[in-house]
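Quick note: the coordinates plus some simple rules give every number you see, no bench work behind them. None of the values given here were measured: they were computed from a predicted structure. Quick reminder, even Gly has a Cβ in these numbers, built from the backbone with ideal geometry, and neighbours come from all protein chains shown.
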Amino acid sequence: MKNVLVIYFTQSGQLHDIAQQITAPFVADENCNVVFHQIEMETPFPFPWNKEAFFDAFPESFLQIPAKLKPVPQHILDLKYDLVLFHYQVWFLSPSIPVNSFLKSPEAKHLLHNTPVVTISGSRNMWFLAQEKIKKLLKENGALLKGNIALTDRAGNLISVITIVEWMFSGKKEKHLGIFPLPGVSDKDINESVKFGDTIHGALLHGDFTGLQDILLQQGAVRVSPYLVGVDTKGNHIFSKWSAIIIKRPNNRKKLLKIFVVYLVLAIWIISPIVYILHILMYPFTFAKNKRIINYYKGV
């Protein structure tokens, strides 16, 4: 009997749906014992979000400051797992506060130590450096990272900003104004993610995860845009400055967050398009570098 632990946090239900699809082959196998653990906060974040709460989560999200979680049930801690499927989302270019909080908990070290892990993210588009932070935390917990699946919104960068924000603030996954595409990971990509489950399930049964990521890549598990990696990298640099300033000045937190929001809007709608144009112009001269970037972020 193979024990498989499925860990996820969700507000909208998107990662729950992804987890259900990817684990379907395991659930259907009578030789697999599949255990689900939904990470839960002691004080839950709101969904739908309101603007104040959403941006108030920025400093702690980016700086990966953990918050208090509800305990992991004892029956989950009592088992030794042959595989962990770890689902997460990105908040402000970092793993979400609930996910980060879990990975910094003693329970995570107990569950993940010396255990094969496949990471599965559902995000807007910039998951690259968040995955690097996840990799660091997994390593600190002694986990054995064997694969990565990054499911993203396929809409253009600026379009997805509009649709995701509308979804987060309304709580409704629908076409904004009746003309924009649906936000988030598409139903098609979610439904088809069962193919990744089949592949991971096969590796588990053979007891060999060697080459798993290469097979997942052939199935389209990861798409890497050097442009978005560049934006992610620049964003992390800028967010590190803003988050440090805000967290060190608690008495001015609300005022600083308002200024940050104005800056963020300008960065998204003015600076980001300029960066994209420069990326296109420089692409012939950075081909080798971009290829290295793509190969790195496709790996584990």
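For the pair residue 36 and residue 78, how long in nm is the line joining their label points, each one 7 Å along Cα→Cβ? For residue 36 paired with residue 78, the spin-label model returns 2.1 nm. Note on the chain: with charges restricted to the Cβ of Lys and Arg (+1) and Asp and Glu (-1), its dipole about the Cα centre is near 1340 debye. Within the same chain, lysines fewer than 8 places from residue 51 are excluded, and of the rest, those with a Cα less than 18 Å from its Cα are 172, 173, 254, 255, 258.
Which shape class, rounded, prolate or oblate, goes with the stretch 1-136 when its Cα gyration tensor gives a ≥ b ≥ c as root eigenvalues, a/c under 1.5 marks rounded, and past that a/b bigger than b/c marks prolate? Verdict is prolate for the stretch 1-136. If you take the Cα centroid of the stretch 158-237 and the Cα centroid of the stretch 136-156, the two points sit 11 Å apart.
Coupling constants for the stretch 216-228 follow from the phi torsions by the Karplus curve (6.51 cos²θ - 1.76 cosθ + 1.60, θ = phi - 60°), and in residue order they are 4, 5, 4, 8, x, 5, 9, 10, 10, 10, x, 4, 5 Hz; glycine and proline get x. The DSSP beta bridges internal to the chain are antiparallel in roughly 10% of cases. Which one of 285, 240, 252 is farthest out on the positive end of the charge dipole of the stretch 228-298, using unit charges on Cβ (Lys, Arg +1; Asp, Glu -1) and the Cα centre as origin? Of the options given, the answer is 252. Each peptide in 200-210, 266-276, 114-124, 150-160 was scored by the mean count of other Cβ atoms within 10 Å over its residues; highest first, the order is 114-124, 150-160, 200-210, 266-276. What label, among (i) 19.3, 57; (ii) 20.4, 70; (iii) 21.0, 64, belongs to Rg and Dmax of the Cα atoms in Å computed from the structure on display? So the calculated entry is the one marked (i). Each Cα pair under 8 Å and six or more residues apart adds its sequence gap; the mean of these over the residue count of the chain is a relative contact order of 19 percent.
Let's test the formula: R0 of 30 Å, r as the Cβ-Cβ distance of residue 70 and residue 287. What FRET efficiency results, to the nearest 0.05?
Approximately 0.05, to the nearest 0.05.
Could you work out the local net charge near residue 90, counting Lys and Arg as +1, Asp and Glu as -1, over the other residues with Cβ closer than 12 Å to its Cβ? Computed value for this residue: -1.
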